[in-house]
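A quick write-up on the structure given underneath.
The values are calculated or read from the model by the stated rules, or taken from the named source; none is laboratory data. Quick caveat: nothing in here was measured; it's all calculated off a predicted structure. Cβ placement follows ideal geometry from the backbone for every residue including glycine, while neighbour counts extend to all protein chains displayed. We work out accessible area using only protein heavy atoms, side chains counted, and drop any ligands, DNA or RNA first. Shrake-Rupley method; radii C 1.70, N 1.55, O 1.52, S 1.80 Å.
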Amino acid sequence: MVVLLLGMSPTDATSKTPNHVFQITEKILIHLTEINERNFSQTNFNPAEKIPALPRHVYFLAREQWRKVQLLRFMNGLDTSSLPGITISEITPGDVLSVTEALLQDIRELGPAYGLADHAASAPLPSGKKPADVYENLLRISAQLDALGIPATVPNDVYRVADTLLSSMERVTSEAGVRVNIDDVAESNGRSPSDVYNAVRDLSEALERVTKENASLAIKNGVLEIPAKNEAVTPSDVIVALNLVLADTVSLMAVQKTSDTLEMASYSGGKTPSDVYRLVRQSHLLIDSMGSGTPSSF
């Protein structure tokens, strides 16, 4: 696998805004729309209430689209690549721009595989855009990629993010001098993606409570509330929610100065929603241990 090196000078990174990132996502959508039209595939995107995402949340959603694009490139016989590791710091629009620019290049290279001439899409630089606008565009990009027949997100994919989150929570509690036996969380059987999604929402609420209780753990702009879902929940919904919590956890790690980089868990096979559910509950136990309120029942 080829490692793609991304990066900007500090001056370039700090001068970028959500407007610049939004412009890149618009170019990506132009290319994906053309590919889907040539492929005679229909997208299914139902916009929900806009999530007040911050750059850190946008960044992790962009990286999830990177995973999908590499699957699509592999399916079309193109080289795949990996992104650099994640630095423990507060994410900026410049960090997000680096990932989306790489996404644009890799998606543009897919055009000829669908009989399209190589060309650079053009989109104007907008004004007044917020990270939430970019986040919504990335959800549109996700739907466009799904329409092209990439393998659906499965519990194995979700498990990797949940495992990464758990190890991150362990570093958070270790830095705080808290010791908890996560094996106290019993194994659970028969869980559905909906059960996991709700457990992630509970975890997010616990993280919000703890970071509000302790001023030394406060993160920039607070923890994002994960919206409830009334319709059928898919593994893809769960991985999006987990990445929201992971983004806020990385922000907490930056406050604590736990380490320099985020350690992504290795990929595991044969996992079920019940396996993911237990990891989420273990993370919940860890974050509860840092609060003064009544811990959840496990």
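Number of residues in segment 62-91 that are part of a helix (DSSP H, G or I) and either surrounded by fewer than 17 Cβ atoms within 10 Å (Cβ to Cβ) or not aromatic (Phe, Trp, Tyr) (or both): the value is 13. Of the listed requirements (1) over 30 Å from LYS229 (Cβ atoms); (2) open to solvent by less than 10 Å² (accessible area, probe 1.4 Å); (3) of a type in the set (Ser, Thr, Tyr), TYR135 misses just one: (1). Filtering segment 277-297 for residues that are surrounded by fewer than 19 Cβ atoms within 10 Å (Cβ to Cβ), in a helix (DSSP H, G or I) and in contact (Cβ under 8 Å) with a residue 12 or more places away in the chain leaves an empty set. Looking across LYS271, LYS257, one residue alone is basic (Lys, Arg) and either under 30 Å from ASN46 (Cα atoms) or under 19 Å from the mean Cα position of the chain (by Cα) (or both). It is LYS271. Taken residue by residue, segment 98-109 has no member that is assigned by the TED database to the domain that holds ALA254 and open to solvent by 50 Å² or more (accessible area, probe 1.4 Å).
So that you can scan it fast, the table gives a plain yes or no per residue for (1) of a type outside the set (A, V, I, L, M); (2) at pLDDT below 95:
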position: LEU29; (1), (2): no, no
position: GLU34; (1), (2): yes, no
position: ASN46; (1), (2): yes, yes
position: GLU49; (1), (2): yes, yes
position: ALA53; (1), (2): no, no
position: TRP66; (1), (2): yes, no
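Applying a threshold of 6 Å to beta carbon distances and a minimum spacing of six or more residues, or different chains, the list of pairs starting in segment 238-253 at a residue that is modelled with pLDDT of 95 or more and ending at one that is among the small types (Gly, Ala, Ser) reads LEU242/ALA162; VAL245/SER204; THR249/SER168.
Residues in segment 92-116 that are in a loop (DSSP other than H, G, I, E, B) and under 16 Å from PHE22 (Cβ atoms): THR92 only.
Selection over segment 174-208 of residues that are of a type in the set (Val, Ile, Thr), surrounded by 17 or more Cβ atoms within 10 Å (Cβ to Cβ) and out of contact with any Phe, Trp or Tyr (no Cβ under 9 Å at 6 or more places or on another chain) gives a count of 3.
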